[in-house]
Amino acid sequence: MGYPPLMREGAPLIGVIGGSGLYKLDNLHVIKTISASTPWGSPSSPITIAKLDTAKGPITVAFISRHGPAHNIAPSNVPARANIAALKHLGVKAIVAFSAVGSLREEVRPGDIIVPDQIIDRTKGIRPSTFFDGAMVGHAMFGEPFDKQLSEFIVPHIESAINSFPDHINPSDVPRLHKERTLVVMEGPQFSTRAESNMYRSFGGDIINMSSIPEAKLAREAELSYALVCTSTDYDAWRMGEAPVTVEEVMKTLTTNASLSKHITASILEAVHEAVASQSVLTTAEGSMKYSLMTNHSHVSPSELYKLKYILPAYFPYDAPRWKGEHVNTEDHDDSTASEKV
């Protein structure tokens, strides 16, 4: 026996992680909410399943509110493993995540949109950041932390959405789209000091948030395509002669940009769904963990093997142990790709 599916039919191919306001779109209709329970606990919010009306018919999308429906989960406490595991088990193939970021560069202005391609991890190791923290050792490739195919695919659709948005506050100075930028992920929940902000700039960082690690790492381990769309809300703390960032400033920019953010969301989800359905953006994610699992299954407990089946059933095709101490039969499993040492 395996884990029961979270949806019997019509499972979404696209998952969205961001603020709860993202699924309050005019052409989006909530079908149901799912209170999932994973081997890594419960997600940060119930999964909202919604249908998005498109010219080619409705598509189904899954939404998770990263910090909870009431924004009551601090960055360090986000149950990222449960969020990613629940979306993977639901049937999601690709995730488009959204985040507010601070800008570390003059040209990335508050209100601008960014699709980063690199990450500098400045979290402090207090967030569980891997599904492989037991006897099964896994080394996911992370040189390209965001799915390059998916990120490159959404860029022109975001650009088109910005240009077609009818309600820009200043039509002569619309938000700019930046790509191929480096995101610094800090621990928080406090904002940066001026010294830290300038240090991140010297590292090559362009934008900064508290949210995308370990989210991006876990998506890679679960073989999910993952791209991030950011809204710049402030200039962090590096600009001398002006006050450092405050929550008030962040919220003001987010409120001002709310309509544009929703327009971008609706615009890209339809295109991403079509691309995922045709498998044109999944060639680097699916199968990426095949040669990353190092431990022979005979050295891993039945309960751990079954736990990993939740996210990677192709590599862990085992039934649930029926009693304590029961051995999972691994004789027919191909461990030829495993190695005893790195």
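Here, each number is a calculation from the coordinates, and none is a lab measurement. Remember, predicted model here, so these are calculated numbers, not experimental data. In this analysis, Cβ positions are derived from the backbone assuming ideal geometry, glycine residues included, and neighbour counts consider all displayed protein chains.
Kindly flag which residue pairs out of 217/290; 148/307; 51/309; 51/148; 51/262 have an alpha-carbon separation exceeding 20 Å in this structure. Display every interim value, and only then the final one.
Working: 217/290 16 Å; 148/307 29 Å; 51/309 28 Å; 51/148 27 Å; 51/262 15 Å.
Beyond 20 Å: 148/307; 51/309; 51/148.
Order these peptides, 295-303, 223-231, by their mean beta-carbon neighbour count within 10 angstrom, highest first. All intermediate terms of the calculation are to be shown ahead of the outcome.
Working: 295-303: 16.9, 223-231: 25.7.
So the peptides 295-303, 223-231, ranked by packing, come out 223-231, 295-303.
How much of the pair distance distribution for the stretch 31-151 lies past 16 Å, counting alpha-carbon pairs only, in percent? Mind showing how you got there, number by number?
Values: 5255 of 7260 pairs.
Distances greater than 16 Å cover 72 percent of the Cα pairs.
Please compute, over every Cα-Cα pair in the stretch 14-277, the percentage with a separation greater than 27 angstrom. Write out the running numbers ahead of the final one.
On the way: 11817 of 34716 pairs.
Summing the P(r) tail past 27 Å for the stretch 14-277 gives 34 percent.
Show the residues, 5+ positions off or on another chain, whose built amide H is closer than 5 Å to the amide H of residue 31.
Amide H neighbours of residue 31, under 5 Å, 5+ apart: 49, 50, 51.
What per residue convex hull volume, in Å³, comes out for the stretch 104-231 when only alpha-carbon positions are used? Write out the running numbers ahead of the final one.
Numbers: hull volume 15.9 nm³, N = 128.
Taking the convex hull of the Cα positions in the stretch 104-231, it is 124 Å³ per residue.
So if I place +1 on the C-beta of Lys and Arg and -1 on the C-beta of Asp and Glu, and nothing else carries charge, what would the dipole magnitude of the stretch 14-277 be about its Cα centre? I want it in debye, nearest 20.
Charge dipole of the stretch 14-277: 600 debye, to the nearest 20.
Want the number for residue 107 to residue 194: 0.36 nm per residue separation, take away the alpha-carbon distance, what's left? Please report the intermediate quantities before stating the final value.
Values: separation 87, 0.36 × 87 = 31.32 nm, distance 1.86 nm.
The residue 107-residue 194 span can extend by a further 29.5 nm.
Note down the nm distance, to one decimal, between modelled labels 7 Å out along Cα→Cβ at residue 291 and at residue 163.
Here the answer is 4.0 nm between the modelled labels.
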